[in-house]
Every structure is written in structure tokens, then in C-alpha cells.
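Asks: The structure that follows is given in the form of C-alpha cells.
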Amino acid sequence: MQVPRPLHLLTSIVEALQAAVARRRERLALQQQQFGMVRAEVEALNRWQEEVECLDVGGQRFHARSAVLSGHADHYLSALVSGNFAAAREADDSLFIDRDPQHFALILQHLREGTTSVPHGAAARGQLRREAQYYGLSESMGLSGTRTCLFAVGESAAIYDSNTRQWVEIEKPQPCRRLGDFDDFRPWGGRLVRILFNRASIVSRIPSEFFVGVFNAMSWRWDVLDVIPSPDPQHLASVGSRLFCQVSPSFLEYQGNGHWERLPGMIVDREEGFSGLCALGDSLVVVGGYHPSPQITLASVEQFSLSERKWVQLPDMLCARIDPCVTEWQGKLIVAGGWHLVGEDISSVESFDPISGVWQPMPSLSHTDGGIHL
């Protein structure tokens, strides 16, 4: 049966109206969404404007967001805007800082970008250094006047330039005769310690004795701290206030008053005196060495956790080394030099990142005859 024409037209009109209403709803929903986005942007802009601080530095106005001023570690400006301290504001709500404004733009540039632009001229650099020191940003800006360098000394001496990734040769400093050579002593609790040998035992034909010697800065002599209960101690190392002595295949920890505690033995069998030792964080790390039977130059590395009191193996070095020099620098393990089983000196250097667990090659040293020390 056919639908009457008027009813058919009415149905078409209703469907058209429904479609129009649906389109209106879609447009309205889109407009509401766009309005919400615009409102969020406006609110964010308003918050950003509210977070902008006006700093009156010696009569010159500077503007910076609070997030920029407080984005680094604790320093003068972050404390100023933190709200934790009473800071007197001017009538226009600005913060007055009674300092020369000449280099303040460079201070803000560092806080915004993390870079440091150093002006030309010794006088200008000195002024910027003083301002950075006042604001507590000397270390962050690299203007503290001191830095930790990676220094290698052997037949010659060199400093590692981390910017150019090259070793720069320098004049070799002369060791003090009353201190001994560079590899003789290690830092421990703000003091220098070394292994001392009782030469008189050779003449008297009694068993050799070894001691921990502490350098006396007043007399410029080595004072005996205590006897090391081992006929062949190899290396000293310190982790904070704790002192350790390597007596392969294990270690001794100094307890004071003649008492030493033996730590668990290492995983890898290493011939005495041919491995490298270094403290890394809350641990001791032993690298390389020599395996006597069969005769093998070792690339293995193992780490002793002082908190867990156990050894774990780390990834092998890129190069097997006997008697390598090892140190910690900028959170990484640096291994240099050593020699092969055939007696050939090794000039290569490599670094280990304990976070990624990866060894990376570093530029080789030009002179390694006679060994090197870091």
C-alpha cells in the first residue's frame, strides 16, 4: 500500500529537521571544545603572568618566571621566590636586590638555558665570578675557580679535556721526596695514607711487616697507623671513612686498634698485585689482572657492594690489562694503561658508566713507558 503524499512530505521534513539539529549539536560541541581549549590557554597565560617575578637589581628591572628562578638546585634566587622566607617587596610588588646589574642578564640566561656565557677580559670574568658566587651559582655555572680534572702522569703528564675529548700534555710536576711518588698514597678521610714497608726486617731476617702510614702535615713525615696483617698487601682504598686493603684473593677492612675484618673472596682468581682497585660509590671495584694457570691477561671486572657484602661481576673491559690504573671521575670508572702478558705497555683508555653498564673507549695516551697513574 502506498503512503499518502502529504504524509511522505511530512516525514521528509521531520528527517531534515533531525539532521539539522544533529549538525547544530556537532557544531555546538566543537565550539564548546574550542572554547574550553581557549579558556585553558588563557588561564595558563594568566597563571604564567602571575608567576612572573619583577626583580629590581641595583635599579634595573628584570623579569623572569618563578619556575626559571627556582628550577635549579638551591641558590639565592630560588630561596628569594620560594615563599619560605620573608622577602620585602617594593610598592609595585618587585623584589629589590642590592647588586650591580651589569652581569645579571648572564645569570638569568644560565637559569633559563643551562648555559654559561663568559665575557671577554679578565676583569669582566672576575666580576661575573663574584656575582655567581653571591647568588650561589658558582658550581652550576662552572665559575667556582676549581674543577675536578682527570690527570695522568708517567714518563710525561697530561690532563684530559672533556670538551675536545683529547689529552693535553703539560709539564710533569716533580714529586716531593718526603711524600714519595704519585702512586704511593691514597686519600682517606681528608688524610693521605700509604703502605709502609719495614726495611729493617730485611737486615734482621724476620718476617716482613707492612703498615698503614698516615701523612703528618706538621712534620712532613709518615706516621705509622697500624700493622697490616698480610705478608703481601697490594692496594689501599677508601669509601668515606672506611679503609680497605687488598690482600688477594680478598680484602681487609680496618676496624681500628690493630683489628682488621676479612671480606669475602673475589669471584675471579687473580694473581696477587696485578689488578687495579678503585672505590666507586658505596663499593669497591677490581679490574683486570693476571690469571696464573692458564696464563691469561684478564679483562674481567667485579664489584663488591659494602651494603650487601657480596661480589658481582660487571661487564668485561674492552681491553684486557695487567696492573692497570683505575680511578673514579665524574661518576664513571676510568681505566688506563697497564701491560699485556708479553710485557708490552698499553696506551688505551676506557670509561665505564655504572648506570648504563657500558664501556666506552677514550683517547689513548701518547706516552705509557714505565706505567702511568691517574
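Values in this text are rule-based calculations from the coordinates and carry no lab data. Everything quoted here is computed from the prediction, not taken from an experiment. Methodologically, a virtual Cβ is constructed for each residue, glycine included, from the backbone with ideal geometry; neighbour enumeration extends over all protein chains shown.
Asks: If I model a spin label at Tyr134 and Ala16 as a point 7 Å from the Cα along the Cα→Cβ vector, what separation in nanometres do I get?
Replies: It works out to 7.9 nm between the two label points.
Asks: Oh, and also: Using a cut-off of 11 Å between beta-carbons, work out the net charge of the residues near Trp188 (Lys and Arg +1, Asp and Glu -1, Trp188 not included).
Replies: +4
Asks: For segment 51-135, rounded, prolate or oblate, judged on the Cα gyration tensor with a ≥ b ≥ c (square roots of eigenvalues), a/c < 1.5 rounded, else prolate if a/b > b/c?
Replies: prolate
Asks: What are the ³J(HN,Hα) values, in whole Hz, obtained from phi via the Karplus relation 6.51 cos²θ - 1.76 cosθ + 1.60 with θ = phi - 60°, for each residue of segment 14-27 in sequence order, with x given for Gly and Pro?
Replies: For segment 14-27, the Karplus-derived couplings read 4, 4, 5, 5, 4, 5, 5, 5, 4, 5, 4, 4, 4, 5 Hz, x marking Gly and Pro.
Asks: Something else about it: Obtain the nm distance between the two label points defined at Asn84 and Glu344 by a simple spin-label model: each point lies 7 Å from its Cα along the Cα-to-C-beta direction.
Replies: 5.8 nm
Asks: Would you please give the FRET efficiency between Phe197 and Tyr76, computed as 1/(1 + (r/R0)^6) with r the Cβ-Cβ distance and R0 = 56 Å, to the nearest 0.05? Before the final figure, lay out the partial values.
Replies: Numbers: r = 52 Å, r/R0 = 0.93.
After rounding to 0.05, the efficiency reads 0.60.
Asks: How high is the relative contact order of segment 224-271, in percent, with contacts defined as C-alpha pairs under 8 Å that are six or more residues apart? Provide the component values of the computation, followed by the final result.
Replies: On the way: 65 pairs, mean separation 12.6, N = 48.
Rounded, it is 26 percent for segment 224-271.
Asks: Continuing with this model, one more query. For Ile296, Ile107, Ile228, what's the fewest-to-most ordering of other Cβ within 10 Å of each Cβ?
Replies: The order, fewest Cβ neighbours first, is Ile296, Ile228, Ile107.
Asks: Go through segment 313-329 residue by residue and turn each phi into a ³J(HN,Hα) via Karplus (6.51, -1.76, 1.60, θ = phi - 60°); whole Hz please, and just put x for glycine and proline.
Replies: Result, ordered by residue: 8, 9, x, 4, 5, 6, 10, 6, 9, 9, 6, x, 9, 9, 8, 9, 8 Hz.
Asks: Amide H neighbours of Trp260 under 5 Å, counting only residues 5+ apart in sequence or on other chains, H built in-plane at 1.01 Å?
Replies: Distant-sequence amide H within range of Trp260: Gln255.
Asks: With the contact rule set at Cα under 8 Å and sequence spacing of 6 or more, what percent relative contact order holds for segment 266-373?
Replies: Taking the mean separation of contacting Cα pairs over the length of segment 266-373, I get 20 percent.
Asks: Residues with beta-carbon under 15 Å from that of Val268, excluding Val268: net charge, scoring Lys, Arg +1 and Asp, Glu -1? Can you show the working numbers first?
Replies: Values: positive: Arg270, Lys310, Arg321; negative: Asp269, Glu271, Glu272, Glu302, Asp316.
Once all neighbours under 15 Å are counted, the net charge is -2.
Asks: How high is the relative contact order of segment 282-321, in percent, counting Cα pairs under 8 Å that sit 6 or more residues apart?
Replies: Relative contact order here is 40 percent.
Asks: Quick one: Asp74, Asp161, fewest Cβ neighbours within 10 Å first, how do they rank? The partial results should precede the final answer.
Replies: Working: Asp74 10, Asp161 13.
Listing Asp74, Asp161 from fewest to most nearby Cβ atoms yields Asp74, Asp161.
Asks: Also: Each residue of segment 279-291 in order: what ³J(HN,Hα) in whole Hz does its phi give by Karplus 6.51 cos²θ - 1.76 cosθ + 1.60, θ = phi - 60°, with x for Gly and Pro?
Replies: Listing the rounded values in order: 8, 9, x, 9, 7, 10, 10, 10, 10, x, x, 9, 9 Hz.
Asks: Sort Met37, Met266 so the one with the fewest other Cβ atoms within 10 Å of its own Cβ comes first.
Replies: Lowest to highest Cβ neighbour count: Met37, Met266.
Asks: What does the net charge come to around Val224 if you take all other residues with beta carbon closer than 13 Å to its beta carbon, with K and R at +1 and D and E at -1?
Replies: Taking every Cβ under 13 Å from that of Val224, the sum is -1.
Asks: Additional query: Can you bin segment 266-373 into rounded, prolate or oblate? Criterion: square roots of the alpha carbon gyration tensor eigenvalues sorted a ≥ b ≥ c, rounded for a/c under 1.5, prolate for a/b above b/c, oblate for the rest.
Replies: Cα axes put segment 266-373 in the oblate bin.
Asks: For segment 51-135, with the dipole built from +1 on Lys and Arg beta-carbon atoms and -1 on Asp and Glu ones, taken about the Cα centre, which of His75, Leu55, Leu128 lies farthest toward the positive end?
Replies: Result: Leu128, furthest along the dipole toward the positive end.
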